[in-house]
Each structure stands twice: as C-alpha cells, then as structure tokens.
Amino acid sequence: MSSNDFNEVHPDPQDQDIKKQFSFSRIILVIAVSLAISGYLIYTSFDLDALKKIEWARKSMFWISMGALLMVVRHIGYMYRLRLITDKKLSWYQSFNVISLWEFSSAVTPSTVGGAAVAIWFMKKENLSLGKSAATSMLTIFLDQVFLAIGGGLLFLTLGGTSMFAHDAMCRSQSDLPMMGIFHNMQTIYFFGYFLFLIIIAVLAYGLFFNAHAFKSLLSGLFSLPFLKKWKSDALQTGDDMILTSAELKTKTKGFWWKALCSTAITWLAFFMIPLTIILAFFEPGVSDFPVILSRMFAIWMLMLLPISPGGAGIAELTFSAMMCDFTDPALVATMALVWRLLTYYPYLLAGVVILPRWINRKYNT
C-alpha cells in the first residue's frame, strides 16, 4: 500500500496526524540529529591512546550481551504489563507490536507523553475499545511515574546528593566535552522535575481513584483561559479518558495492583541497569558503585523528559557523558554513551521502521 493510497482511502484526520508524525523524513532527521551530536561529543573528547588501553575480551562481550538481554527483559515486561492491564484482550503478538510502536513513537517525539497519547490509537487499531485503550495508556503513565518518584526518592535518601548527582566528579571540569557546567546544578534540575512528578501523580491519583468528573471540570476551567483555549478540546478528551479509566480501575483486585507494580519495577530496573553492564564491559567499578550508577540513571532520565528533542536525542548522550564520566575514562565516555544508545534507543527506531509499514498495511488492507 503506497503513501498516496493511505491518504486517499483513509482521510481520517487522526490517521493523517499519526502518519505525519511517523514520516520517513522525520525518522531520518531524528537519527541524523542523534548521530551528529554523538559524533561531535566523541570528536571533542576522543583519545586514541585511551581507546588502545581497552581490551576486548570475553568479559566485554558477556556484559554487552547482558545489556542486550536486559532490553529484551524490559520489552517482555512491558508486554506482560500491557496484557495484564487489558485483561489479556491483546495477544502476545499484538502486545509486541503495540509496545514496539509505542516505544518507537516515544523515540521520534519530543516527550514520552507523546508516545503514550499515540499508543491509544495503536490499541484502538488492535480492536481494543476506546475506554480500555485510554485506561491502559493513562494507567501506564501513572505506574511509570510512581516508580520513578519512589525509586529516585529512595536512592537519594540512601546514597545522598553527592553520589547521585556526581557533585565531586572532577572529570567534568577536566573533560573537553561541551556544556559540562550546566550539570553542576543537576540536583536542582532533577528536583524541579521530581516535584512536578509528584504533582502529576497526585492529580492523576485524585482523578483515577476519587473524582474523575471533578478532574474533567478542573481541566475544562483551566483550559478556558484565553492563552490555553486552543488545547481545550484535547484537555476535555483527557477528562473523558480519565472518567473511562476510573470506571475501569474500580474492578481491579489487589493481585492486579501487585502484578502491575512489580512488572513496572522490573521493566525500569532492567532499563536503568544497562549502563552498568556497559561500564562493566570495559572498566572495573566496585560493587559499591552499582547503586550509584543506578541512581544516576534516574537523573539522566529526568533530563531526557525535557521536550527539547525527539527521544531525548543529544540530551541523552550529553547527560550520560556528564553523569558517568567518573566511572569510565573521560576521553571515552562519549563513546560509552553511544554504545548505550545503540542498545537502548536505535533498536526501537529500527523496529519502528520495520514494523510500522507492515502494521499499517495489515490494518488498512483487512
């Protein structure tokens, strides 16, 4: 099915918006931006002598393979949670496609929320009802934010700000990497986002578990303000989604919530442990460094949520380089950042490029 056929046969505005978001030119632009910034960071900090000191051995291949395995664990964890939330109305194959396209949409949009919004469309196309699709997307956002808030908070209380935010990482001041100075205020940036997380969690919890109609009324009043009016229809749709989701959640048992929380924790821990496997592949961190590396991923992720670039392209590589340089050779940390993105980011771009055209053809030719 050609692009023109899609436009002529299916003029639905939402379909066209989705198609535009996943255009080939947009994907190429995202990849180009990410690779260009990675290339620049490596160029400004690379040291051939430092690279020659690294020994590729069985240990290196083992830990890189473990990093790839953790990505598989993360994907399966997301698939399990999706089937759990949808009461197994999606098969494992459908869940694989939805999660792959969901992550792909997050990789080509400036925020993960954009990916979650598009996910409703994916699930509807998999014959899930609007209410079930909205409930799944909204509950997923809620569970993810709860984990990120609790996990980040516990690690900060356990390890302290000096370790979590690399206050004494002298490698930043010694590095040739650009913009290192902004990371001296990393703790301030993190907690600004962290408290926004808490506000969002509180608002979502109120709407989901206490009064969804009041939540919609609040959105209606807020987006009636002159400078917010153009987003009012989207806000009202969110309110309707909240009402549907709230009704859906009233049927859930304690067992459901336990499984949902555990699967959420497993998926995020698998993702946040991947930098540890990369560092273990080439360097020798101590066991006491393991929780520190994990904690810094919470800070890195917070900056990646800033709606600056699609999928955090550039921001992710720069932040990883700044936060992990004291566990690697500063001259190679940008290269390690690229390896990290090759494991965690580019696979979803590739998966989207392969799966999306086939998925669209199947949905519109049946």
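A few comments on the model shown:
- The fewest-to-most ranking of 89, 132, 250, 59 by surrounding Cβ atoms within 10 Å reads 250, 59, 89, 132.
- Neighbour-count ranking [beta-carbon atoms within 10 angstrom, fewest first] of 72, 33, 98: 72, 33, 98
- Counting neighbouring Cβ atoms within 10 Å and putting the fewest first, the residues 329, 241 line up as 329, 241.
- Formal net charge of residues neighbouring residue 236 (Cβ-Cβ distance under 12 Å; K, R +1; D, E -1): 0
- Cross-link pairs 232/252; 88/124; 124/232; 89/259; 88/252; 132/232 - those with Cα-Cα distance over 25 Å: 232/252
- Net +/- balance of residues flanking residue 139 in space, Cβ distance below 15 Å, scoring K and R +1, D and E -1: +3
Since every read-out is calculated from the coordinates, none of them should be taken as a lab result. Being a predicted model, the structure only gives us computed values, none of them experimental. Glycine also receives a Cβ, built like all others from the backbone with ideal geometry; neighbour counts cover every protein chain displayed.
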